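Structure first, then comments.
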Amino acid sequence: MSIKLSVNVNKIATIRNARGGNLPHVEHVAMDCETFGADGITVHPRPDERHIRYTDVTALRSVVKKEFNIEGYPSDRFVELVVSVLPTQVTLVPDPPEALTSNGGWDVKVHFDALSARIAVFKKYGIRTSIFVGTDLENIEQASKTGTDRIELYTEPYATLYSSDATGAVAPFIKAALLAHDLGLGVNAGHDLNLNNLAWFKQHIPFLEEVSIGHALICDALYLGLERTITVYKQQLK
Ligand code: PXP
């Protein structure tokens, strides 16, 4: 079974914002990603809108034909945006406004009530929910009690360890995915996945449904072009 590839287009917005015009055009790039084989598009609007803007998210809704995934910190403003856009999936991420990028998963016990309340709202609107977590098994058990449909495993620790200890790097993720599946949760993954480490991750993680990849994929596209890049990422996921 092929794992779904959701392309995070935040970096496209970063390049656009550097000049203040509309080049590259975020919606056109998103449409092309789908044409080239991506199974969906991910955006991560941050409160300061330094890359994806809230208006981009609304505009993308009408052009994304496959899976649309909006990720971010569940502030009131974010929740309002998500329920107005009605994406396929919302991924809740605990990144504080000043963070350069997401740098960890939720401590679900600490944020249990807030997460459960947000998830209940999204589910009322028929939006699939996912929460970003590390591989701690107790934390994943807590996650399953929030009512979320899926978890997204934070793969930065995997990516860091992969080059020196590929077997050790994947071990906690295998356990986490098995437990999540036993608890009835779907399993997504993302962060620092790239053409070096993706195939190994895919081969070893049971029940993996979707990866969302931004930074490395856009960097590869500088050399390979977007169409070829998406094709080779998809090949890694077959
Ligand atoms: N998943 C989540 C929840 C993220 O916050 C990010 C980064 O925005 C990604 C996946 C993609 O990470 P990367 O850009 O390293 O591929």
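Quick notes on this structure:
- Cβ-Cβ under 8 Å pairs, at least 6 apart or on other chains, the range 71-94 side open to solvent by 30 Å² or more (accessible area, probe 1.4 Å), far side part of a helix (DSSP H, G or I) and polar (S, T, N, Q): 84/58
- Close pairs (6 angstrom Cβ cut-off, 6 or more residues apart or separate chains): closer than 21 Å to residue 169 by Cα in the range 135-150, among the hydrophobic types (A, V, I, L, M, F, W, C) anywhere: 135/173; 135/176; 137/179; 139/108; 139/133; 140/176; 140/179; 140/180
- Residue in the range 141-161 that is in contact with a Leu (Cβ under 7 Å, 6 or more places away or on another chain), among the hydrophobic types (A, V, I, L, M, F, W, C), within 15 Å of the ligand (Cβ to nearest atom) and not in a helix (DSSP H, G or I) present: yes
- Restricting 121, 170 to those that are surrounded by fewer than 22 Cβ atoms within 10 Å (Cβ to Cβ), in contact (Cβ under 8 Å) with a residue 12 or more places away in the chain and touching a His at 6+ places or on another chain (Cβ under 9 Å) reduces the list to 170.
- Criterion: assigned to a loop (DSSP other than H, G, I, E, B), touching a residue at least 12 places away in the same chain (Cβ under 8 Å) and not aromatic (Phe, Trp, Tyr) - qualifying residue of 29, 63: 63
- Residue count for the range 144-177, restricted to those that are touching a helix residue (DSSP H, G or I) at 6+ places or on another chain (Cβ under 8 Å), among the aliphatic types (A, V, I, L, M) and within 15 Å of residue 207 (Cβ to Cβ): 5
- Within the span defined as the range 47-55, one or more residues are over 21 Å from residue 237 (Cα atoms), assigned to a helix (DSSP H, G or I) and either of a type in the set (A, V, I, L, M, F, W, C) or within 19 Å of the chain's Cα centre (by Cα) (or both).
- Residue match in the range 32-40 (condition: modelled with pLDDT of 95 or more, under 17 Å from the mean Cα position of the chain (by Cα) and charged (D, E, K, R)): yes
- Summed over the range 184-231, residues that are in contact (Cβ under 8 Å) with a residue 60 or more places away in the chain, within 17 Å of residue 71 (Cβ to Cβ) and away from the ligand (no atom under 11 Å from the Cβ) total 1.
- Of residues in the range 1-16 being open to solvent by 40 Å² or more (accessible area, probe 1.4 Å) and not in a loop (DSSP other than H, G, I, E, B), the one farthest from residue 46 (Cα to Cα): 4
The values are calculated or read from the model by the stated rules, or taken from the named source; none is laboratory data. No experiment lies behind these values; they were computed from the predicted model shown. Here the Cβ is made from the backbone with ideal geometry for all residues, glycine too, and neighbour counts use every protein chain on show. In case anyone asks, the SASA skips ligands and DNA or RNA and just uses the protein heavy atoms, side chains included. Shrake-Rupley method; radii C 1.70, N 1.55, O 1.52, S 1.80 Å.
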